[in-house]
Amino acid sequence: MEEYLVKIVGTSIVVILTIILHILINASIQKIRKKYGFKEGRAKTLTKLLNVTLNFITLMIILSIWGVDQKKIAIFVSSFVAVLGVALVAQWSILSNITASIILFINHPARIDDEITFLDKDLPLTGIIRDIGAFFIIIETEENETISIPNNLIFQKTIKITSKEAQN
C-alpha cells in the first residue's frame, strides 16, 4: 500500500508542476508577444506546440514513476512511429500538409487574422485566416462561412494578402 502511496504522491507532484509550467509558458509567450509585437495567432500556435510537448514529457515521467519499463516505452513509441510512417507514406498529402504547417508557422507572410484571397479560377476565395492547424487552415469568409483548406494549397496556389496587419 505504501508503494502505491509514493507513486500517487509522485504523480500528483508531476501533474501539479505540469499545470504550473503550462501557466508560466502561456504567460511568458503572451508577455513576449506583447513586448515584440507578435500577432496573437503566432503566439497561439507556439503555445499549442509547447503544451503538447510538455504533456508528452509529463506522460513519459508518469509512466516512469509507475514502473513502466523504458525499453517497452521505446518499443511502443518506435512501433507507433513506424506505423504512422507507413500511413504517411501511403498518403503523401498528409505529409505535405504537416510540412506545410511547419513552414507556414516559421516563414510565411500569411498569419492568423490576415485577410487573404486565393487567386485561382477553380477556387476563388476571400476570407480571414482564423487558425492554422497541423493539416488545415481555417478561413472565415465575408458570408461568415467557415472553410477548411489543406495547408499545402497555400504553397500550390497564389494568394494575395490584403489586410493591413500583414504588412507588420
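Every number in this text was worked out from the coordinates using simple rules, so none of it is lab data. If you're wondering where the values come from, they're calculated on a predicted model, not measured in any experiment. Because the Cβ atoms are built from the backbone with ideal geometry, glycine has one as well, and the counts that use them run over all protein chains shown.
Compared with the rule-of-thumb size 2.2 N^0.38 Å for a compact globular protein, segment 97-167 has a Cα radius of gyration ratio of 0.99. All other residues whose Cβ lies under 15 angstrom from that of V77 are scored, Lys and Arg at +1 and Asp and Glu at -1, for a net of +1.
Round to the nearest 0.05 the FRET efficiency obtained for I20 and V68 when R0 = 35 Å and r is the Cβ-Cβ distance.
Efficiency for this residue pair is about 0.90.
The K48 and T11 beta-carbon pair, evaluated with R₀ = 25 Å, returns a calculated FRET efficiency of approximately 0.55.
Mind pulling the per residue volume of the convex hull built on the Cα atoms of segment 2-67? Å³ is fine. Value for segment 2-67: 54 Å³ per residue. For the chain, the tally of Lys pairs with Cα-Cα distances below 22 Å comes to 17, considering only residues 8 or more apart or on different chains.
The slack between T117 and E2, meaning 0.36 nm per residue of separation minus the straight C-alpha distance, is 35.1 nm. Here the dipole of the chain is about 600 debye; that uses its Cα centre as origin and unit charges on the Cβ of Lys and Arg (positive) and Asp and Glu (negative). Give, as ranges by residue number, the residues of segment 128-153 whose backbone N falls under 19 Å from the point 7 Å along Cα→Cβ of I103. Within reach of a label on I103, which here means backbone N under 19 Å from a point 7 Å along Cα→Cβ, segment 128-153 contributes 132-138, 149-153.
As a ratio to 2.2 N^0.38 Å, the alpha-carbon radius of gyration computed for the chain takes the value 1.34. Taking only C-alpha pairs under 8 Å that are 6+ residues apart, what is the relative contact order of the chain in percent? About 18 percent, as a whole number. The phi-based Karplus calculation (6.51 cos²θ - 1.76 cosθ + 1.60; θ = phi - 60°) puts the 3J(HN,Hα) values of segment 73-81 at 5, 4, 5, 4, 5, 5, 5, 4, 5 Hz, whole numbers, x for Gly and Pro.
Amide H contacts of I159 (H built 1.01 Å from N, in plane; Pro and chain starts excluded): L119 sit under 5 Å, all sequence-distant by 5 or more or on other chains.
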